[in-house]
Amino acid sequence: MTQKQKIICVLYDDPIDGYPTSYARNTIPKLQQYPDGQSMPSPKSIDFNPGELLGSISGELGLRKFIENSGHELIVTSDKDSEDSVFDQHLEDASIVISQPFWPAYLTADRINKAPNLKLAITAGIGSDHVDLQSAIDNNLTVCEVTYCNSISVAEHAVMQILALVRNYIPQYKWVVSGGWNISDSVSRSYDIEGMDVGVVAAGRIGVAVLKRMKPFDVNLHYTDRHRLPEEIENQLNLTYHKDVNSLAENCDVISIHCPLHPETEHLFNDALISKMRRGSYIVNTARGKICDKDSITRALESGQLAGYAGDVWFPQPAPNDHTWRTAPNHALTPHTSGTSLSAQARYAAGVREILECWFEGRPIRDEYLIVQNGALAGTGAHSYSAGNTTDGSDQASKFKS
Ligand code: NDP
């Protein structure tokens, strides 16, 4: 009989009107595999209907029945940042933490040191920068995420926001809602994207999906990455490769950011880099808020160096109510939603279940899901991250008041 383990699952709150009792659509498409051939999450079974809200506290990622039937205890909470939060109270004797990047339970070195039984941190999604990876390495934790589960979801959101910025969609929508018909107000910042130079920072799963989706708009496509893409893909998409981000910045009108947050990419987009961009450029950041320096972005929007900024990622999360991006001019930001569509939730809930089944049965977790294992970066982590910590300042999330 396996020993009873405590599992803490930190999720975002239910909708303000309560947990949904019905949905806009009856089903979601059943995908067979990811674009590169990677197989879909494959738990032995699931206890939810794909298409339901699983990422909020009542959705519980569809895990309660499975965890309790396996003889373990499940604590689900959204209270992660208050003093003596439910998360902190239970961390002391927890063995597993499950958290979503949208509402991240920051696993700082301090917290890891207070959790002697902690062995496994699962990201229900992609991007494990909310865990102090250096401390996870030093304390021999396993960190894993559900690689590919929401990469296409994010690519769709990024393309939507590129178009929303360049075409100036959000202000036009607001004129309609407020009863106006203000054509010149609406179009005086509106352009065609056709013919523009559009680049991505990082051509991984999301970056390549964005490039593919932008190709039919007849733009000139650019990218930078630590590893160059195969020549075949470069030719297919007619890509211009830039050996560093400076060269990309100088040669694009629109940049979409798709690298993980790790010490190499923290505050990559600062005053110096943004000043190299063409006046009136656009940035879409659906990767991580901290890849951009908050004040540099605000200043560039105010001065007009940036014509627009969008994306869905902030630092910390939830973003404090007085975060300057909320009120900066010409932004089209959303809260961190791109990777948590109902479609994505079904995949990452199944992926978390698969990881837990492996863990409880002592079977290996798929290599592509691993970020840290056995005291080192592993699997996808070894390819896409560098060791170190990017959680500093996460305590500021306590300033958010709903
Ligand atoms: P991948 O691992 O497929 O791609 C990441 C890419 O980033 C890799 O090609 C990697 O290069 C590249 N990279 C790493 N460091 C650098 C660097 N310093 N400069 C340039 N490129 C770099 O991951 P995904 O595409 O699936 O996801 C990317 C990120 O998007 C996640 O880490 C996460 O932060 C974010 N994300 C956001 C979501 C949201 O809801 N907003 C949801 C899902 C992900 P290489 O491997 O060649 O070294």
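If you take the alpha carbon radius of gyration of the chain and divide it by 2.2 N^0.38 Å, what ratio comes out, to two decimals?
Details: Rg = 21.1 Å, N = 402, 2.2 N^0.38 = 21.5 Å.
Dividing the Cα radius of gyration by 2.2 N^0.38 Å gives 0.98.
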Where Ser256, Ser190 fall by accessible area, highest first, once all protein chains stay in place (1.4 Å): Ser190, Ser256
How much accessible area does Asp271 have with a 1.4 Å probe, in Å² rounded to the nearest 10? 70 Å²
When only DSSP loop residues count, what GluC sites (Glu not before Pro) in segment 232-291 have their Cβ near at most 16 other Cβ atoms within 10 Å? Glu264
Note, segment 342-347: 3J(HN,Hα) by Karplus (6.51, -1.76, 1.60, θ = phi - 60°), whole Hz, Gly/Pro = x, goes 4, 5, 5, 4, 4, 6
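Past the 22 Å Cα-Cα mark, which pairs from Lys80/Lys114; Lys212/Lys243; Lys6/Lys114; Lys215/Lys294; Lys80/Lys119; Lys243/Lys294?
Numbers: Lys80/Lys114 15 Å; Lys212/Lys243 20 Å; Lys6/Lys114 15 Å; Lys215/Lys294 30 Å; Lys80/Lys119 19 Å; Lys243/Lys294 25 Å.
Among Lys80/Lys114; Lys212/Lys243; Lys6/Lys114; Lys215/Lys294; Lys80/Lys119; Lys243/Lys294, the Cα-Cα distance tops 22 Å for Lys215/Lys294; Lys243/Lys294.
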Just the accessible area for Thr327, please: 1.4 Å probe, Å², rounded to the nearest 10? 120 Å²
Kindly express, to the nearest 10 degrees and within the range 0 to 90, the angle between helix 205-214's C-alpha long axis and the longest C-alpha principal axis of the chain. 30 degrees
Please report the accessible area of His227 (heavy atoms, 1.4 Å probe, ligands and nucleic acids excluded) in Å², nearest 10. 100 Å²
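In Å², what does the accessible area per residue of the chain work out to with a 1.4 Å probe? It would help to have the intermediate numbers written out before the result.
Values: 17910 Å² over 402 residues.
Ligands and nucleic acids excluded, the result is 45 Å² per residue.
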For segment 123-201 and segment 357-402, write down the distance between their C-alpha centroids in whole Å. 22 Å
Which order do Lys119, Lys44 take when ranked by solvent-accessible area (1.4 Å probe, heavy atoms of all protein chains), largest first? Lys44, Lys119
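The values are calculated or read from the model by the stated rules, or taken from the named source; none is laboratory data. Predicted model, so just to flag it, every value in this text is computed and none were measured. Because the Cβ atoms are built from the backbone with ideal geometry, glycine has one as well, and the counts that use them run over all protein chains shown. Heavy atoms of the whole protein, side chains included, go into the accessibility calculation; ligands, DNA and RNA do not. Shrake-Rupley method; radii C 1.70, N 1.55, O 1.52, S 1.80 Å.
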